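Participant: Handing you this structure, nothing more for now.
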Amino acid sequence: MKVSAKNMGHVAIIGAGPAGMSCASSLATLDYDVTLYEQEQQAGGIARYYIPAFRLPEETLNDDITNLLSQGVKISHGKNLTYIGTITDLMKRGFDAVFISTGLSKPFRLELLEGYINVTDYLSFLRNIRHDFTAPELKKKNIAIIGGGSVALDAAVSASAAGASRVYLISLEHLKELPADQEEINLARLMNVIFKAGSQITRVVAEDKQITRLTGIETDWKEPDNYHPSNARQIQGTEFSINVDLVVQAIGTCPDDKITRFARGVEIMGKGTIVTGSDFSTNLPGVFAGGDVVSGGATIVQAVGDGKKAAESIHNYLNKRRANQ
């Protein structure tokens with residue numbers, strides 16, 4: 001078997017999730033020397049730590065990582081952004097290009113639910129339940145999931161499968177508006193998840209900092225096709241109340257604050273996502289980004305596609321640079 005010289009250039013990829021792994025594999029095929037930096041002790045990102053095993057078996061992920069290693073990709077585990085430093089530091093170490101695919105790791109939280117001991121975010125919940133599916137604290141309990149996207153559905157289905165007595169999915173979006181796949185919604189129904197779609201929580205009842213009941217009300221939209229909370233209008237006379245043992249917030253995430261220091265000089269917008277062109281290039285030469293840190297949250301399939309397209313753009317960029325030298 002011919003051994004690749006890996007002499008096309010050195011590329012650093014920050015984040016070994018779906019986008020980062022896809023980009024690494026594509027670049028390795030083009031004979032680039034690729035180093036993947038990952039803050040966790042295993043590669044895979046959201047696919048390993050947050051997607052339920054019934055949706056993505058760990059064996060499939062391990063096969064992908066084995067393939068990466070066989071391609072000559074180096075994976076440096078346990079290396080967070082503080083350890084790596086900055087993009088400038090990487091360039092000084094001899095890298096010709098950098099691809100940022102750090103994903104989203106800072107969950108949004110509702111102010112109404114702050115300070116209660118039985119409230120968690122979906123990242124913590126899914127990570128715990130993936131690695132301890134028999135979690136006794138869920139059995140015969142009432143679980144409320146706040147949110148209507150794919151991660152909220154994952155949390156709801158996982159809670160039901162783990163033995164929860166009743167699982168509620170509470171979302172501002174109505175059933176036909178949920179930002180989740182129909183297959184995910186159908187699975188949740190099969191698992192007896194109770195949908196409180198087109199609703200919002202208005203008050204909590206708690207004892208000793210532990211929520212025992214949520215009260216809410218049904219809503220509709222002041223303006224059509226605008227799903228922002230500020231556009232929700234409460235429908236009087238539709239109040240409801242549910243008893244809960246655990247509340248899981250699944251209303252979205254944004255990039256880690258540390259990305260601003262690491263990517264100093266890179267244009268960042270809104271809630272911390274990186275601005276790129278259609279070719280995944282940033283405003284800094286040789287710096288590219290893709291996956292959720294750019295999109296703000298998409299599917300694994302989309303993240304994998306971002307990684308492949310970004311690899312092609314990195315290859316084109318370095319080819320042009322070589323031609324001009």
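The values are calculated or read from the model by the stated rules, or taken from the named source; none is laboratory data. Everything quoted here is computed from the prediction, not taken from an experiment. Quick reminder, even Gly has a Cβ in these numbers, built from the backbone with ideal geometry, and neighbours come from all protein chains shown.
Participant: Could you grab me the full set of residues in the stretch 22-40 that are among the polar types (S, T, N, Q) and outside any helix (DSSP H, G or I)?
Facilitator: Kept after step one, since they are among the polar types (S, T, N, Q), are these residues of the stretch 22-40: 22, 25-26, 29, 35, 39.
Within the stretch 22-40, Thr35, Gln39 qualify.
Participant: Taking the stretch 264-284 as the region of interest, how many residues are in contact with a strand residue (DSSP E or B) (Cβ under 9 Å, 6 or more places away or on another chain) and either farther than 22 Å from Asn316 by Cα or in the same structural domain as Ile145 (by TED's automatic domain parsing) (or both)?
Facilitator: Adding up the residues that qualify gives 6.
Participant: What helices (runs of 4 or more DSSP H) completely inside the stretch 217-325 contain at least 2 residues that are over 25 Å from Val151 (Cα atoms), touching a helix residue (DSSP H, G or I) at 6+ places or on another chain (Cβ under 7 Å) and modelled with pLDDT of 95 or more? If you could, list the steps in order and put the result at the bottom.
Facilitator: Numbers: elements: 258-262, 292-295, 300-323.
Correct list: 300-323.
Participant: Within the stretch 176-193, take every residue that is of a type in the set (S, T, N, Q) and at negative phi and give me the one that is surrounded by the most Cβ atoms within 10 Å (Cβ to Cβ).
Facilitator: Pass one, the stretch 176-193, residues of a type in the set (S, T, N, Q): 182, 186, 192.
Imposing the further condition that a residue be at negative phi reduces the set to 182, 186.
Values: Gln182: 9, Asn186: 11.
Checking each candidate, the answer is Asn186.
Participant: Write out, first by first residue and then by second, each pair whose Cβ atoms fall under 9 Å of each other, whose residues are 6+ apart or on separate chains, and whose first residue, in the stretch 1-21, is assigned by TED's automatic domain parsing to the domain that holds Gln39 and part of a loop (DSSP other than H, G, I, E, B) while the second is modelled with pLDDT under 90 and of a type in the set (A, V, I, L, M).
Facilitator: Pairs found: Gly17/Ile46; Gly17/Ala47; Gly17/Ile300.
Participant: Being among the β-branched types (Val, Ile, Thr) and in a strand (DSSP E or B) is true for just one of Ile75, Ile65. Which residue is that?
Facilitator: Numbers: Ile65 fails: in a strand (DSSP E or B).
Ile75 is the lone residue from the list that is among the β-branched types (Val, Ile, Thr) and in a strand (DSSP E or B).
Participant: Further question: For the stretch 70-95, give me each residue that is in contact with a strand residue (DSSP E or B) (Cβ under 7 Å, 6 or more places away or on another chain) and surrounded by fewer than 19 Cβ atoms within 10 Å (Cβ to Cβ).
Facilitator: Of all residues in the stretch 70-95, those in contact with a strand residue (DSSP E or B) (Cβ under 7 Å, 6 or more places away or on another chain) come to 73-76, 79, 84, 87, 90, 94-95.
Result: Lys74, Ser76, Lys79, Gly94.
For every residue, the table says whether it meets (1) closer than 17 Å to Ile14 by Cβ; (2) under 21 Å from the mean Cα position of the chain (by Cα); (3) in contact (Cβ under 8 Å) with a residue 24 or more places away in the chain.
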position	(1), (2), (3)
Phe280	yes, yes, yes
Asp292	yes, yes, yes
Gly296	no, yes, yes
Gly305	no, yes, yes
Glu312	no, no, yes
Lys320	no, no, no
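Participant: Before we move on, is Glu114 free of Cβ contacts under 8 Å to residues at least 60 places away in the same chain, under 25 Å from Ile268 (Cβ atoms) and within 24 Å of the chain's Cα centre (by Cα)?
Facilitator: Values: free of Cβ contacts under 8 Å to residues at least 60 places away in the same chain: yes; under 25 Å from Ile268 (Cβ atoms): no; within 24 Å of the chain's Cα centre (by Cα): yes.
For Glu114, the condition - free of Cβ contacts under 8 Å to residues at least 60 places away in the same chain, under 25 Å from Ile268 (Cβ atoms) and within 24 Å of the chain's Cα centre (by Cα) - is not met.
Participant: Scan the strands (runs of 3 or more DSSP E) fully inside the stretch 96-198 and keep the ones with 1 or more residues being assigned by TED's automatic domain parsing to the domain that holds Phe288. Quick ask: steps written out before the conclusion?
Facilitator: Values: elements: 97-100, 119-121, 142-146, 166-171, 194-197.
Strands (runs of 3 or more DSSP E) meeting the threshold: 97-100.
Participant: How many residues are over 21 Å from Leu113 (Cα atoms), surrounded by 10 or more Cβ atoms within 10 Å (Cβ to Cβ) and free of Cβ contacts under 8 Å to residues at least 12 places away in the same chain when one looks only at the stretch 206-243?
Facilitator: The number of residues fulfilling the criteria is 2.
Participant: Shifting gears a bit: When only residues in the stretch 288-312 that are of a type in the set (A, V, I, L, M, F, W, C) and under 22 Å from Lys271 (Cα atoms) count, which is surrounded by the fewest Cβ atoms within 10 Å (Cβ to Cβ)?
Facilitator: Taking the stretch 288-312 first, the residues of a type in the set (A, V, I, L, M, F, W, C) are 288-289, 293-294, 298, 300-301, 303-304, 310-311.
Cutting the leftovers down to under 22 Å from Lys271 (Cα atoms) gives us 288-289, 293-294, 298, 300, 303.
Numbers: Phe288: 28, Ala289: 28, Val293: 30, Val294: 23, Ala298: 16, Ile300: 20, Ala303: 28.
This residue is Ala298.
Participant: For Gly237, all conditions in the list (1) closer than 27 Å to His174 by Cβ; (2) of a type in the set (Gly, Ala, Ser); (3) within 25 Å of the chain's Cα centre (by Cα) hold save one; what is the number of the exception?
Facilitator: Going through (1) closer than 27 Å to His174 by Cβ; (2) of a type in the set (Gly, Ala, Ser); (3) within 25 Å of the chain's Cα centre (by Cα) one by one, Gly237 breaks only (3).
Participant: May I ask you to list pairs of residues, at least six apart or on different chains, whose Cβ atoms are under 9 Å apart, with the first in the stretch 175-200 being free of Cβ contacts under 8 Å to residues at least 60 places away in the same chain and the second being among the basic types (Lys, Arg) and assigned to a helix (DSSP H, G or I)?
Facilitator: Phe195/Arg189; Ala197/Lys176
Participant: Among the residues of the stretch 264-285, write down those that are buried (at least 19 other Cβ atoms within 10 Å of the Cβ) and in contact with an Asp or Glu (Cβ under 9 Å, 6 or more places away or on another chain).
Facilitator: Passing the criteria: Thr273, Ile274, Thr276, Phe280, Thr282.
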